[in-house]
1. List the number of the failed condition for B:Lys53; all other conditions in (1) surrounded by fewer than 20 Cβ atoms within 10 Å (Cβ to Cβ); (2) within 14 Å of chain A (Cβ to nearest Cβ); (3) of a type outside the set (Asp, Glu) hold.
2. In the range B:59-83, how many are on the phi > 0 side of the Ramachandran plot and within 12 Å of another protein chain (Cβ to nearest Cβ)?
3. Could we say that B:Phe159 is out of contact with any Cys (no Cβ under 7 Å at 6 or more places or on another chain), over 18 Å from B:Asn19 (Cα atoms) and in contact (Cβ under 8 Å) with a residue 24 or more places away in the chain here?
4. Take B:Leu147 and decide whether it is within 13 Å of chain A (Cβ to nearest Cβ) and touching an Asp or Glu at 6+ places or on another chain (Cβ under 8 Å).
5. Looking at (1) under 20 Å from the mean Cα position of the chain (by Cα); (2) within 15 Å of DNA strand D (Cβ to nearest atom), find the lone condition where B:Leu177 falls short.
6. Please find, within the range A:164-196, the residue that is nearest to A:Phe214 (Cα to Cα) out of those that are of a type in the set (S, T, N, Q) and either buried (at least 22 other Cβ atoms within 10 Å of the Cβ) or away from DNA strand C (no atom under 16 Å from the Cβ) (or both).
7. Modelled with pLDDT of 95 or more and basic (Lys, Arg) - does that describe any residue in the range A:201-211?
8. Considering A:Leu103, A:Leu86, which residue is within 14 Å of chain B (Cβ to nearest Cβ), farther than 29 Å from A:Gln135 by Cα and aliphatic (A, V, I, L, M)?
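The values are calculated or read from the model by the stated rules, or taken from the named source; none is laboratory data. Predicted model, so just to flag it, every value in this text is computed and none were measured. Here Cβ is always computed from backbone atoms with ideal geometry, including for glycine, and neighbour counts include all displayed protein chains.
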2 protein chains.
Amino acid sequence: MNSFFNTPEEPMKTEHTMNSCTLNIAVENSFQSLSDEEMLLLENNLVVVNYKKGEILCKQGTLASHIMYICSGLVKIYMEKEGGSLILKVLPAGNLIGLTALLDNNNVFRYSAYAYQDCKVRLIDIRIFKQLLRQNIEFASQVINLLCENQIQTQTRFFAFTQKQSFGRMADTLMCLSNNIFKMDEFELPLSRKELAELTGLTPESVIRILSKFKSDKVIGIEGKIFTILDKEKLQQISEYG
Amino acid sequence: MNSFFNTPEEPMKTEHTMNSCTLNIAVENSFQSLSDEEMLLLENNLVVVNYKKGEILCKQGTLASHIMYICSGLVKIYMEKEGGSLILKVLPAGNLIGLTALLDNNNVFRYSAYAYQDCKVRLIDIRIFKQLLRQNIEFASQVINLLCENQIQTQTRFFAFTQKQSFGRMADTLMCLSNNIFKMDEFELPLSRKELAELTGLTPESVIRILSKFKSDKVIGIEGKIFTILDKEKLQQISEYG
DNA sequence: TGATGAACATGATACAGATCAATAAATATT
DNA sequence: AATATTTATTGATCTGTATCATGTTCATCA
């Protein structure tokens, strides 16, 4: 059948305009555009720090003196206020934290970051980062790319949030964790129910109820902290329903 | 009283981390960094188009061949899917549309844009825009700034959405329209109740009920399409409550 | 001018998800 | 190992907001 002439009843495959996945593009490429000289400058103005599980990498509202690169570990990026917090994204190794602090005259972290697992992080002096942006157009170009990606991801997730309800959001989140973060159908999730709640915009109780339902429906398996995606099709379906 | 030693009961004034305002920074500045020569290049590869009220400036999913600059008028940026849409922002003159389409290898509009009023728009060829990014580091720097601003704005609005409920969202939205879009306490709003609903993530019925309440409480005045902010304090309070 | 459809308004009802309360299980602390 | 504290779970209830139904006003157009 000629896909150019699909009837309205058989719509063309649509893109994922409504999932909340943390895009996980290879950031390494951004740095590949640096010359040896520039790379040296970077290395010389860089501190490697190990954060233990449970430690705070940066705190919303504080001055951002560094851009952070996650070498290893798993980090949550979240906004907080008395009353509640929202997890903006969960970032595995290979991602940058704090790009929005590049903003002139207001380089403050707009969110906090927390280590789910032990993390190795490179702290890049923000002045050096800015200098590199100014002297290497290719690098600047890559950073623009990253910022665009981030923007699209946030908007798409925001949209998904307003359109889906609890089961859809939970399914979406599980798909995302499996596909983009852990890249496995079975994974050990270092997030508490409370944190899953902050990630889905629900209460811990609701999260528990939904997970129980998924489990009894054999869509997922849960053994302690080990999650297993049993029925991807079904999960995708639930994620899309609304 | 020394504000450095506030007791927990008297917290320091916090920043607006929870309003959903469309930041309205002066985009014109971005172009000021262009040389005469570059400006000429821009002018020569630029089409000025007039859109009538109600027309679509760009459609989500279509190839973005241009970055758009709003010379005059009022535009809504929104994401849509069967089932519903979400207004991401309302942009007055002086703003750019389509920056996220700068993304390499995927320069597609991730949202649609619609003219609330007659608009004059400059369509800037995206290849020229990219070329200018590559040859003028100051310009690239300004664009990075814009992208950061956008990102922060979206995240903050997203956060506000998850934390506030109907009355707070409505109050927030009205404050924002008054302060950032129209810059007046009294303004003519070219949005229907349905569109206010898409802007606040509510149903039209809820919007109506809330507006009626605000009106009967003398927080705002409504005469046809003319809105008047009567009690800014109160509105701010409602916006912040949660 | 009256007719037709959209936007606005209001009331009644339904329901998803929050809140509250009360264990149970797991983890941390001594 | 014993105790304290956090996290997970389950059930009962409450509530904010959507949904549905119906009517009214307003704008558009034959």
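1. Among (1) surrounded by fewer than 20 Cβ atoms within 10 Å (Cβ to Cβ); (2) within 14 Å of chain A (Cβ to nearest Cβ); (3) of a type outside the set (Asp, Glu), the lone unmet condition for B:Lys53 is (2).
2. Of the residues in that region, 2 qualify.
3. Spelling it out, it is not the case that B:Phe159 is out of contact with any Cys (no Cβ under 7 Å at 6 or more places or on another chain), over 18 Å from B:Asn19 (Cα atoms) and in contact (Cβ under 8 Å) with a residue 24 or more places away in the chain.
4. no
5. Here B:Leu177 clears every test but (2).
6. Out of the qualifying residues, it is A:Thr173.
7. Within the range A:201-211, one or more residues are modelled with pLDDT of 95 or more and basic (Lys, Arg).
8. A:Leu86
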